[in-house]
Every structure is written in structure tokens, then in C-alpha cells.
Amino acid sequence: MNELRDVARWGTPADAVTLSSGVRGLLSAALGITSPRPAASTAELPAGTLSETVLKELRSVCPAVSTDDESRLAHAAGKSTDDLLRLRAGRADDAPDAVARPATQQQVADLLAACSRHRVAVVPFGGGTSVVGGLAARREGFAGVLAVDLAALDRLVHLDRVSRTATFEAGVRAPRAEQLLAAEGFTLGHFPQSFEYASLGGFAATRSSGQASAGYGRFDRMVVGLRAATPIGLLDTGRAPESAAGPDLRQLLLGSEGAFGVITELTVRIHPAPQARHYAGWSFPSFDVGAHAVRALAQDGPLPTVLRLSDEAETAINAATGGPQADGCLAVVGVEGTAEDVAGRTAALEQRLTALGGTPLGTAPGDAWQEGRFRAPYLRDALLDAGAIAETLETATFWDRLPATYAAVRGALMENLSGAGTPPLVLCHISHVYDSGASLYFTVVAAQTEEPIAQWQAAKAAASDAIAASGATITHHHGVGRAHRPWYTREIGDVGVAALRGVKQALDPHGILNPGILLP
Ligand SMILES: Cc1cc2nc3c(=O)[nH]c(=O)nc-3n(C[C@H](O)[C@H](O)[C@H](O)COP(=O)(O)OP(=O)(O)OC[C@H]3O[C@@H](n4cnc5c(N)ncnc54)[C@H](O)[C@@H]3O)c2cc1C
């Protein structure tokens, strides 16, 4: 039996937040939630299945291989609500049999060779923040499961000031990468909500997108080079920023979620650290008017660094629970850069957004958003304790389909979760913009039923069906993992699946890399 308090949550127990009276009042008034749902304090681990002979061989190439319960439990799941609910119910069925902590890239390669010989499934583990079941490998047909935790691979290998690129080992966590770059006067500019714990290798493996993507781009666009260890050897990509030398093999590794190789090193574009920042709030009379304004900026500029637009429900709930105050729909418009650039773009944005129907709310809402932008995951733990389900999901589509996708997903969630009793809260914002389309990010809060895991899985399936039926993609930035696999395989079709299977077969002939993730 093992203590769960450190793993079935975001951050450490010391970071736990308590719900404000505003939130508690809302849970009871809007969702009828009154009885808390405390988490189990311990979890039972399945017996390990790796033999002493195999463990000895693994340790001969990587001395840091642990089989203790604490290590296994800490690598048993990601951080989706589904993962947390399972752990909170005392279930750690997907715990690996052992955890390797390689100290060098060569040790990763040697571990893969040893695991191939002994048919041990390998789960690359970056920050462990997957929300799509990306860390739960299929066991059937394998001698056991080894999590390969890349945390010790956290060096800044090289910084090229001339080309403005930095080469990192893949296990480096985002805050440390930013600290290392800040010491040299640079930033990467990748700030997903999981920033505090996620790793650069994980960002590449899942094609992550950060909150400042309007200015700095998605993570996959930041990557200029990748090195991956595969069971058949090293794959090194990216000898020039762009190239016409055949298909771009970087694209095979970006989004491959550990199924084709373990990314051990990556080279990313970097930017001079911003000298100035200006974050402002704007209100729009409706989501439609706001979406039109956001599209106008994405297509014709000026483009800020951060651009998000909440729908009416998200704006109202945030305002009612202590967040930025706004009528209608709140947009956060943030600009970062040199002092001159920030002043110029801010003035141009003020003119354009006013012309597009926006009302300026000053910097208070923008600053409040910046300050609280990594807080939601801590709040989720408190909501789960209180008896609510709280989860997010996301998609992307072209601008012309955006209203239909928004309505379909919202409708599917409302209908599915209302079946269990009180209608849920379904909130949405436009989270990432492009000239041709945008990402929609939904937050759902509902009263837990007696079977919250099944409850959420049904709601998620209904939302995923609605996403697919509306012609949108099953994921804009969370990745496929296990949770999105059925919709993903339908999205890419039989030929797409065959192409990826061919790659998998070539790079990983024994299929040991993250079995069950990405592809069936
Ligand atoms: C509260 C919360 C907020 C989030 N917000 C965002 C957000 O704003 N934007 C966003 O894009 N995502 C977000 N996510 C999702 C998640 O943080 C990202 O998917 C992130 O990219 C995963 O990084 P990680 O290092 O934690 O990877 P992990 O969770 O450790 O791994 C993710 C997947 O990639 C594989 N993998 C990890 N490292 C490697 C490697 N080096 N080589 C090969 N495969 C590897 C794993 O096996 C797994 O399948 C959020 C998650 C949570 C829990």
C-alpha cells in the first residue's frame, strides 16, 4: 500500500488550494454539489513482472533502475482528470514494473536495445503531465513495462547566439530551460498551463502549444533539430533551419508520443528576452463579435503575443469567482518585446480592437490573467475533493467552421452531462489563433455521480464525436495518447494508419515503444 497524496494531484501537497466562498457557493447553487469526495490515501500496486535476470541486464546499462513502490507509483499515470480519479480511487493498475533514470543519452539507447532483446515495453516519461493517457502502455505480450524517466537529461548542451538556437537534453523541465536561457538573455517563449512540470522532450513528442503561441508559435514550429534513440539506432534530424532534402524527418518525431523513439536532445529557436510587457483586457458584446475581432488580428494584424477570447459563460464564471471583471466576452491581449515594439503594437492594437467593437478594460484584467495563469490545475484538485468533475478538452478548426464546432461540442457536453442530473458548466475560449483557423478550449465542471470515471468517459466520447462530426481535429495540442486514439485513426484514415505502422515497424521492430499509444 502506498501513499497517494503526493501523486494524485497537481504539484505537491504544500501547493494545495482551498476553494473560495465564491466557488463553493457556485458549486452548491449551480451544480447542487454539497458532499465532498475525499481521495483514498493509499493505492495498491500490481505485482511487478520483470525477472531479476532482466533487471540485472537493465542495470548493467543504466545503474539507476528502481523497482520500489514509490517510484512505480510516481510513474503510474499522467494528470488527466481520468488519471486523477483512478488514483483517487486507489487504483494504480498502469504502474510500470520499474523506473529507469538514465544519466546519459547513450544509456537511453542501451536501455532500448536491452528492452528490445527482452520484449520489455518502454514508456518515455518527461514531466508526466500527459492528459491523454500517454503514459499507460499496453502490457499484453510483454515481459513487463519500464518507465524511462528523462529528468536527469536536463543540460543546456549548446547556445548559438548567432543563429538564435539552443540545444537542450530532452528531459529538461520548462522552468529550468527558461532559467538557463534567461541567464543568457533569451527566452523560448513556450508557456503552456503545464509549464511548471512539463519537459521540452514531452512538448516535442506531443506537439504542444503554449499560451503565448500567437507571438512565439507552437512548440513544433520552434524545433529545428531533434535526436532520438530508437531500438535500431540513433535518428538525427535538422542540419539546417529548412531543407528540401526529402520529407522532413523531424515531422516524424514531432507528435510521435514515444511510439517511434525516445527524443534525447532537441534544438529550438530562441528569442531575446522581452524588455517590456503589456497585457490588457478587452470586452466584446458577444462571442461572435469577439471571434471576428480575433480573426481579423490573426489574418491582417497587428498580432499580439498572447490572444485569447472567453465565451460569455467563461467570462461570467471567472468574474463571479474572483477573476477579471468584464461584461460580455473577455479577451486577453498581451504584447511582449522591446519597449519600442510593445508601445507601437499596443497603440495599433487599441485602434484596431476599438474599430472591431471591443471596449478597453485596461491592464488590470490582463495582469490578473498573467498572475493566475498556472493556477487552474491546483483548483481542479480542490474541485475533485469537493465532489465536482473538472476537466478540459480542446480542438482546432478553420474559421468558417468554428461557430458550428463550438455549438456542437458545447451542446454534446451539456446534453451528455445533464443526463446525470444538474446541467454542467461548460466554458470555452479561443486559445490559439492562426490566419486560417483557431483552437477552441473547453472547460467542464459538473457534479460527480457515483461513477465519475465512467461519467467523464461518456461525456468525453460525446464531445469527441461532436468534434469529429463537425470536421474539426480531435486534438490541437494535447496529443493522441490512448484517449484520442479511436478518433485519431479515423481522422487519418486507413492509409495514414498504414503509413505510421510502416514507420513503427521499421524503427521499432519488436513494438516495445509505448505500445497502445498513438496507434492501436
Ligand atoms: C493542468 C495541465 C495543463 C496543460 N496545459 C497544456 C497547454 O497549455 N498546452 C499544451 O500543449 N499541453 C498542455 N497540457 C498537456 C501536457 O502538459 C503536454 O502534453 C506536454 O507536452 C507533455 O509534456 P511532459 O514532459 O509532461 O510529457 P509526458 O506527460 O511525460 O509525456 C507525454 C507523452 O510523450 C511521451 N514522451 C515524453 N517525453 C518524451 C521524449 N523525450 N521522447 C519521446 N516521447 C516522449 C510520453 O511517453 C507520453 O506519451 C496540460 C496538461 C495538464 C495536466
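Only the coordinates and a few stated rules stand behind these numbers; no lab work does. What you see is a predicted model, and the numbers here were worked out from it, not measured in a lab. We place every Cβ from the backbone using ideal geometry, glycine too, and count neighbours over all the protein chains shown.
General remarks:
- Selected residue [within 16 Å of the ligand (Cβ to nearest atom), touching a residue at least 24 places away in the same chain (Cβ under 8 Å), among the β-branched types (Val, Ile, Thr) and in contact with a Ser or Thr (Cβ under 6 Å, 6 or more places away or on another chain)] from Thr392, Thr397: Thr392
- Qualifying residue in the stretch 375-384 (condition: in contact with a Lys or Arg (Cβ under 8 Å, 6 or more places away or on another chain), in a helix (DSSP H, G or I), more than 28 Å from Gly217 (Cβ to Cβ) and not polar (S, T, N, Q)): yes
- Just one of (1) within 16 Å of the ligand (Cβ to nearest atom); (2) assigned to a loop (DSSP other than H, G, I, E, B) fails for Leu266. It is (2).
- Counted residues, the stretch 211-263 - those being part of a loop (DSSP other than H, G, I, E, B), away from the ligand (no atom under 13 Å from the Cβ) and either surrounded by fewer than 18 Cβ atoms within 10 Å (Cβ to Cβ) or acidic (Asp, Glu) (or both): 12
- Candidates in the stretch 175-193 are the residues that are touching a helix residue (DSSP H, G or I) at 6+ places or on another chain (Cβ under 7 Å) and outside any loop (DSSP other than H, G, I, E, B); of these, the one that is surrounded by the fewest Cβ atoms within 10 Å (Cβ to Cβ) is Thr187.
- Residue within the stretch 148-161 that is touching a helix residue (DSSP H, G or I) at 6+ places or on another chain (Cβ under 6 Å) and away from the ligand (no atom under 12 Å from the Cβ) present: yes
- Among the residues of the stretch 297-316, those identified as out of contact with any strand residue (DSSP E or B) (no Cβ under 6 Å at 6 or more places or on another chain) and either closer than 22 Å to Pro192 by Cα or β-branched (Val, Ile, Thr) (or both) are Leu297, Leu303.
- Taking residues in the stretch 496-520 that are more than 14 Å from Arg485 (Cα to Cα) and in contact (Cβ under 8 Å) with a residue 60 or more places away in the chain, and partners anywhere that are within 14 Å of the ligand (Cβ to nearest atom) and aromatic (Phe, Trp, Tyr), the pairs with Cβ atoms closer than 7 Å and at least 6 places apart or on different chains are Val503/Phe260; Lys504/Phe260; Leu507/Phe260; Asp508/Phe260; Leu513/Phe260.
- Selection count, the stretch 38-95, where residues are among the small types (Gly, Ala, Ser) and either in contact with a Cys (Cβ under 7 Å, 6 or more places away or on another chain) or away from the ligand (no atom under 16 Å from the Cβ) (or both): 13
- Tally, over the stretch 115-133, of residues that are under 18 Å from Ala229 (Cβ atoms) and within 12 Å of the ligand (Cβ to nearest atom): 6
- Taking the stretch 345-363 as the range and being over 23 Å from Phe191 (Cβ atoms) and not acidic (Asp, Glu) as the test, the residues that pass are Ala347, Ala348, Gln351, Arg352, Thr354, Ala355, Leu356, Gly357, Gly358, Thr359, Pro360.
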